[in-house]
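Heads up: the structure comes next, in structure tokens.
Readers should treat all values here as calculations from the given coordinates under stated rules, not as data from a laboratory. Treat the numbers as computed from the prediction; the structure is a model and nothing was measured. As a convention, Cβ positions derive from the backbone with ideal geometry for all residues, glycine included, and neighbour counts pool all protein chains shown.
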Amino acid sequence: MNLLFRLQEASECNGEAGRKSSKGTEATVATNETKGSIFRRVSLGSLGSLLSWRRKSQDVVGTQEVAPLEKEKGPPRTLEERIQAVDLTGILNNDADVAQLYFFSDFMLSKRTMVVIRLVTEKRTDELMACKQHNLRKSDRTSKHDRSPDMIKQQAIMLNECSSHPNIIRLQEAFVHNGYFYEILEYAAGGRLFDAILDAEYHTEQETANMVLQLLSGVQHMHDRKLCHRDIKPEHVLIKERSPAHSAEVKLCDFATACLFTPGESMTEKVTTPYYASPQVHEGLYTESVDVWSCGIVMYLLLTGYPRKTKAIAEHPNNYRGDDFLKALTKGKLHSLQERGDHISSQANHLLDQLLVTSEEHRATPRFAMKNAWLKHHAPQHAPSSPREGSAVSYVPGQCPDRAGLLF
């Protein structure tokens, strides 16, 4: 009886096929309401026909159910999901060895305990690139400066997320081979902004505005993606070419301390270099606004030249942080920069005031600061997004070929 009941239900689901069946295969239903039971009488022809239809429908339904599951793809992962899963899709090149695609020179751009950076040439294009080589086998965090293999790869994911911006160093691709993680990065022949500041007495307002506007643009690009750099300083700003400072293209690099942030929530990890850290970093509760403060310190150094450390600061650097550090360097004259030189205008001082407000609530955002009238007046209307032909002249100021390329 149960079989006949199921067959009748299958017949009803078949729709038109059930209605167009021949007389010999018609099923009739009689209902005995008095007894409360349902009697179904199905002919042999009907039984065979329904069984045949059921087998065919199972085959069709089975095919229709399985095929979409095989082709179905999940939604694209968010940046947070990719970072948590250490998903290097679109970054990691598994099809070739790094040595097959790049010539490695003996010229070492930088060398640290766990990281070596070499100048390389892409074989296909003959383009100079920088290869950042991480030793994954020794990255066991035995010291506070070491990072785990996953942390190194997560940094690459965050950098790749921002690489489309002209003022952030571009990550071309990455490789894993024999316990090493290789990042192929854009090469900045102009060297570090740190060296340019050291070599110059100071930078003009036009030169400063050009570089600060680009730096703020890169920071805004990061913040739009809910990424905070947390260690902006002249050592982490590169100059693309050896060109005049008023038209130089600068690029933010080194995402080792970068992290995702949630708007309105504070971060606690003290990773910012003390001299460039906002007061909130030293208090242990800060937001992405720490990047704006650091940009303000970079701007201050561009306008005034690199400060001469006093003996007290040199001997006890940890005693001078945030506001205390600035006061020690400027003798309390941060808000009166004109006293340090006639070349610094009140408009430049006003922007510094906005970037270096002690309160995070009142500190300017990168987007707000980029609208500053002083920046708009002094910075080029269109910052170059790529090197211009014929612009590779010696960097002014800071003609230091021996330092060019000391990138990270």
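Go through the range 200-270 and name the GluC sites (Glu not before Pro) that are in a DSSP coil and have 15 or fewer other Cβ atoms within 10 Å of their Cβ.
For GluC sites (Glu not before Pro) across the range 200-270 that sit outside H, G, I, E and B with at most 15 neighbouring Cβ atoms in 10 Å, the list reads Glu201, Glu265, Glu269.
What does the charge dipole of the range 145-219 about its Cα centre add up to, to the nearest 20 debye, if the Cβ of each Lys and Arg holds +1 and the Cβ of each Asp and Glu holds -1?
280 debye
In nanometres, what is the gap between the two model label sites at Asp87 and Ala373, each 7 Å from Cα along Cα-to-Cβ?
Label at Asp87, label at Ala373, 4.8 nm between them.
Mind listing which GluC sites (Glu not before Pro) in the range 76-171 are in a DSSP loop and have 12 or fewer other Cβ atoms within 10 Å?
When the GluC sites (Glu not before Pro) of the range 76-171 are filtered for loop state and at most 12 Cβ neighbours within 10 Å, nothing remains.
Report the full-extension gain for the segment Lys226 to Leu79: residue separation times 0.36 nm, less the Cα-Cα distance, to one decimal in nm.
Result for the pair: 52.0 nm of gain on full extension.
Take Asp231, Asp199, Asp106, Asp291 and order them by how many other Cβ atoms sit within 10 Å, fewest up front.
Lowest count first: Asp106, Asp199, Asp231, Asp291.
So what's the net charge close to Met108: Lys and Arg +1, Asp and Glu -1, counting the other residues with Cβ under 12 Å from its Cβ?
It works out to a net charge of +3.
Measure off 7 Å from each Cα along the Cα-to-Cβ vector at Gln206 and Glu283, then give the distance between these two points in nanometres to one decimal.
4.1 nm
Run the numbers for Ser110 and Glu127: contour at 0.36 nm per residue of separation, minus the present Cα-Cα distance, in nm.
Additional length available on full extension: 4.2 nm.
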